[in-house]
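Below is one structure, written out as structure tokens, with a few remarks after it.
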């Protein structure tokens, strides 16, 4: 989680990723932020995130993003 | 049968009554019959053939993909312990590949029909277009009612099924209802099967609240469309007429101001009527507008304007382009060579051009629409690319970004950029549009308002009518501010005293009845977005 939060802060330092739970639903993150996050996550964890994974529930919180990454790593 | 016709209101009343009278398990059938009846009256038999063909093609294509996935799943399960995790994954991947091929092919067929019919239509309107002669084969094909809307809904559905987002609809009647649902067929909003398709398949109990709120939304839509938009149309028709080119910049600005409110009243009014009609039937259609005039950037505007198209583009074009292998590969190359910012910038700058080029040609394959699409893409890409520079500038100039004045500046800046966009599309030609934009900033002369000859009242609307429009736009503005601050108008109205509540509704009703542009001998203007 530490590593993930660091990556997220690198993309948008002004957001409280530890506590936000509706990052997409409340438009805290826009689609450009999400693509930046996806690119960083793909690099850091060596996973392939595709358009199919671009569901709001996968990006609404740091925890959800971690779950997504773990699932993708598991599927590798 | 236009949304603002008396016929439509009678039709809707009859459908709503029948909907709650028939046994709930037949509600879908009633809506399907009503939708096809509505479609037939608006588009004729020929249109009906097109929508039927798309519906059947999409229905069977989705079932094909679903059966491949189900068969594979069944096969893996039947092998039980005999199969390793790796082998099962490989089998799934192989099937996913096959499904992906079908998905791409079927989407292309749907898209191909849309593009072909649109091109034929363009060639019919302008014989010099692409050098297509009217005697060529296929030139007698028509553009069926709601072509873009039902095609986009079908494409979204095929992509979702290909991705395995949900199971394909096996009930052909219920699927046909999804592609033809009458409130959303003429001018949207675009619907997702996982949301609206499911709601349409589900029985709905009578709800007085839905009926009341739906009717209120329809009334509000009528107010925007026939009191505001149809009246403003008179001014814009004059100022943007190809025969008059001697308007000064201020007059052009007045014209584009009128057009901005006209197109908002027209499109969002139509959406309100569609959403209201659906709500009376217990169906929640997606939002299409969220007070776009309060947008503080172009990106923000596109999150508030034609939201269902924006969401569609984001899900089915923007993300797939951004995350596609070629784009990520190029992005990686840039990152390695010029650092992380450059790597991020490549897709962020490229994707808006793809999306807005498509939005441009969706409106029409003309130089004006394409230029407007690229203009929007340029502003959004520019905003992303220069974001860090703007941030530094704001810090250097010590601007308080939380202040009202800064927000007002942002709103006015966005509105001005939008005025340019509106002129590009609305001007008689692209060249004329550029001339008008230039004039707007160079020849400022308010004489048409302040002068004794009252030129302002010679565009087709009298002083009384213009004052009326002003009051109505102010009403829109106040409602917008309330909504921006989280007030839910209809819920708030429910909590008011009987006299105040009904007084306000009757006042709005009277305004529509007295000030609406309608009546015998007058044909309500077609919805602008009905043509797409």
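The values are calculated or read from the model by the stated rules, or taken from the named source; none is laboratory data. As the structure is a computational prediction, the values presented were derived from the model and not from experiment. Note: ideal-geometry Cβ built from the backbone for every residue, glycine included; neighbour counts use all protein chains shown.
Within the group B:149, B:166, B:157, which residue is out of contact with any strand residue (DSSP E or B) (no Cβ under 8 Å at 6 or more places or on another chain), within 14 Å of chain A (Cβ to nearest Cβ) and touching a residue at least 24 places away in the same chain (Cβ under 8 Å)?
B:166
Could you tell me whether residue A:51 is at the interface with chain B (Cβ under 9 Å from one of its Cβ atoms) and surrounded by 15 or more Cβ atoms within 10 Å (Cβ to Cβ)? For residue A:51, the condition - at the interface with chain B (Cβ under 9 Å from one of its Cβ atoms) and surrounded by 15 or more Cβ atoms within 10 Å (Cβ to Cβ) - is met. There is at least one residue in the stretch A:9-19 that is over 21 Å from residue B:329 (Cα atoms), away from every other protein chain (no Cβ under 11 Å), modelled with pLDDT under 90 and not in a loop (DSSP other than H, G, I, E, B).
Of all the listed residues (B:457, B:434, B:470, B:477), the sole one being at pLDDT 85 or above, outside the structural domain of residue B:379 (by TED's automatic domain parsing) and over 20 Å from residue B:264 (Cβ atoms) is B:434.
Helices (runs of 4 or more DSSP H) wholly in the stretch B:236-344 with at least 1 residues that are more than 28 Å from residue B:108 (Cα to Cα) and within 14 Å of another protein chain (Cβ to nearest Cβ) - which ones? Quick ask: steps written out before the conclusion?
Working: elements: B:249-280, B:298-304, B:307-313, B:319-322, B:325-338.
Hits in the stretch B:236-344: B:298-304, B:325-338.
Please pick out the residue among B:234, B:227 that is surrounded by fewer than 23 Cβ atoms within 10 Å (Cβ to Cβ) and not assigned by TED's automatic domain parsing to the domain that holds residue B:42. Give the steps one after another, and end with the answer.
Numbers: B:227 fails: surrounded by fewer than 23 Cβ atoms within 10 Å (Cβ to Cβ).
Unique residue meeting the criteria: B:234.
Considering each of B:320, B:292 in turn, give the residue that is over 16 Å from the mean Cα position of the chain (by Cα) and within 26 Å of residue B:353 (Cβ to Cβ). Can you show your working first?
Working: B:292 fails: over 16 Å from the mean Cα position of the chain (by Cα).
Residue meeting the stated conditions: B:320.
Please tell me if residue B:149 is within 25 Å of residue B:366 (Cα to Cα) and crowded, with 22+ Cβ neighbours inside 10 Å. Break it down stepwise before answering.
Working: within 25 Å of residue B:366 (Cα to Cα): yes; crowded, with 22+ Cβ neighbours inside 10 Å: yes.
Against the criterion (within 25 Å of residue B:366 (Cα to Cα) and crowded, with 22+ Cβ neighbours inside 10 Å), residue B:149 qualifies.
Taking residue B:102 and the conditions (1) crowded, with 16+ Cβ neighbours inside 10 Å; (2) without any contact (Cβ under 8 Å) to a residue 60 or more places away in the chain; (3) over 24 Å from the mean Cα position of the chain (by Cα), which numbered condition does it fall short on, given that it satisfies the others? Against the list (1) crowded, with 16+ Cβ neighbours inside 10 Å; (2) without any contact (Cβ under 8 Å) to a residue 60 or more places away in the chain; (3) over 24 Å from the mean Cα position of the chain (by Cα), residue B:102 comes up short only on (2). Restrict the check to the stretch B:374-393 and report whether at least one residue is closer than 30 Å to residue B:149 by Cβ, in a helix (DSSP H, G or I), away from chain A (no Cβ under 14 Å) and out of contact with any helix residue (DSSP H, G or I) (no Cβ under 7 Å at 6 or more places or on another chain). Yes: the stretch B:374-393 contains one or more residues that are closer than 30 Å to residue B:149 by Cβ, in a helix (DSSP H, G or I), away from chain A (no Cβ under 14 Å) and out of contact with any helix residue (DSSP H, G or I) (no Cβ under 7 Å at 6 or more places or on another chain).
Taken over the stretch B:163-191, the criterion of being assigned to a helix (DSSP H, G or I), over 20 Å from residue B:19 (Cβ atoms) and at pLDDT 95 or above is satisfied by B:172 alone. Taken over the stretch B:169-206, residues that are within 24 Å of residue B:273 (Cβ to Cβ), surrounded by fewer than 18 Cβ atoms within 10 Å (Cβ to Cβ) and within 14 Å of chain A (Cβ to nearest Cβ) amount to 1.
Of the residues making up the stretch A:58-76, just one is touching a helix residue (DSSP H, G or I) at 6+ places or on another chain (Cβ under 8 Å), within 12 Å of chain B (Cβ to nearest Cβ) and touching a residue at least 24 places away in the same chain (Cβ under 8 Å), namely A:59.
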